[in-house]
Every structure is written in structure tokens, then in C-alpha cells.
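The values are calculated or read from the model by the stated rules, or taken from the named source; none is laboratory data. As the structure is a prediction and not an experimental result, all values here were calculated from the model. Positions of Cβ are backbone-derived with ideal geometry, glycine not excepted, and every protein chain shown enters the neighbour counts. These area figures cover heavy atoms from the full protein model, side chains too; ligands, DNA and RNA do not enter into them. Shrake-Rupley method; radii C 1.70, N 1.55, O 1.52, S 1.80 Å.
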Amino acid sequence: MGSLPPFPMNAWYAAAWDVDVKRELLARRIAGKSIVLYRKENGDPVALMDACWHRLYPLSKGKLCGDQVECGYHGLKFN
């Protein structure tokens, strides 16, 4: 019998209260995965993996540029 993952992956998890997600980067770790949360300029919430794919630098250490997150390492932008 194979080992099971530590968390069910096909499930819903609470990431934050509505009032906690603002126009700033909020790092969270949920079910063993690092994510970054923020709100777009129109108020819509966004959740991204908290890793720039170039060097896996945490996007939560970057900055918001409009509705995109700019990586603090090389300036790559993600949305």
C-alpha cells in the first residue's frame, strides 16, 4: 500500500478571512503549499503559488504593480 499525501488535495481550505486579504501581498502555507494572496485594483481576490518560476524566490517578498506581482529577485511579473 502506498503512502497517502499528508493533506487531501481535492478539498477546500480556508486561506484567510475576507478582511485579511488587501491590496498587499499576504503569504500563507496551506496543505503544505506556499501561496500568496492579494486583491486586484477592482477588489477581486487572487491566490498564486508563492514562488517565482525562475529561482523559486517567494513572490510574497516582491511588490504589487497594478494587478500583477513583481518578483523581488529579477522583476518578473505574474498575474
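Got a sec? What order do Y38, Y73, Y13 fall in by accessible area at 1.4 Å, biggest, i.e. largest, first?
Y73, Y13, Y38
Could you sort V19, V69 by their accessible area in this structure, using a 1.4 Å probe and putting the largest first?
Accessible-area ranking of V19, V69, largest first: V19, V69.
Would you please put 27-34, 55-62 in order of how densely packed they are, using the mean number of other Cβ atoms within 10 angstrom per residue and starting with the highest?
Result, highest mean first: 55-62, 27-34.
Can you compute the label reach from A15? Point 7 Å from Cα along the Cβ direction, backbone N cut-off under 20 Å, restricted to region 48-69.
Only 48-54, 56-69 fall inside the zone, counting backbone N under 20 Å.
Using the C-alpha gyration tensor of the chain, what are the square roots of 5 times its eigenvalues, in whole angstrom, with the largest one first?
They are 25, 17, 9 Å, listed from largest to smallest.
How big is the dipole moment of the chain about its Cα centre under a simple scheme where the beta carbon of each Lys and Arg is +1, that of each Asp and Glu is -1, and everything else is neutral? Debye, nearest 20, please.
220 debye
Between L64 and D44, what is 0.36 nm times their sequence separation minus the Cα-Cα distance? Round to one decimal in nm.
In short, 5.8 nm is gained.
Given the Cα-Cα distance of Y73 and K22 and 0.36 nm per residue of separation, how much length would full extension add, in nm?
Answer, rounded to one decimal: 16.1 nm.
With only Lys, Arg, Asp and Glu charged, each at its Cβ (+1 for the first two, -1 for the last two), find how big the charge dipole of region 34-79 is about the Cα centre; round to the nearest 20 debye.
Dipole of region 34-79, to the nearest 20 debye: 140 debye.
Residue by residue through region 47-58, what is 3J(HN,Hα) from phi via Karplus (6.51 cos²θ - 1.76 cosθ + 1.60, θ = phi - 60°)? Round to whole Hz and write x for glycine and proline.
Calculated HN-Hα couplings, in order: 10, 10, 4, 8, 7, 6, 6, 6, 10, 6, 5, x Hz.
With a 1.4 Å probe and all protein chains left in place, how much of the accessible area of the chain comes from carbon and sulfur atoms, in whole percent?
54 percent
Looking at the chain, which Cys residues are left with no other cysteine's beta carbon under 4.7 Å from theirs?
C65
Can you tell me the accessible area per residue over the chain, all protein chains present, probe 1.4 angstrom, in square angstrom?
Roughly 75 Å² per residue, with all protein chains present.
Looking at P45, S34, W17, which one has the Cα that reaches farthest to the positive end of the dipole of the chain (charges on Cβ: Lys, Arg +1; Asp, Glu -1)?
S34
Normalised by the number of residues in the chain, what is the relative contact order in percent for Cα pairs under 8 Å and 6+ residues apart?
Result for the chain is 19 percent.
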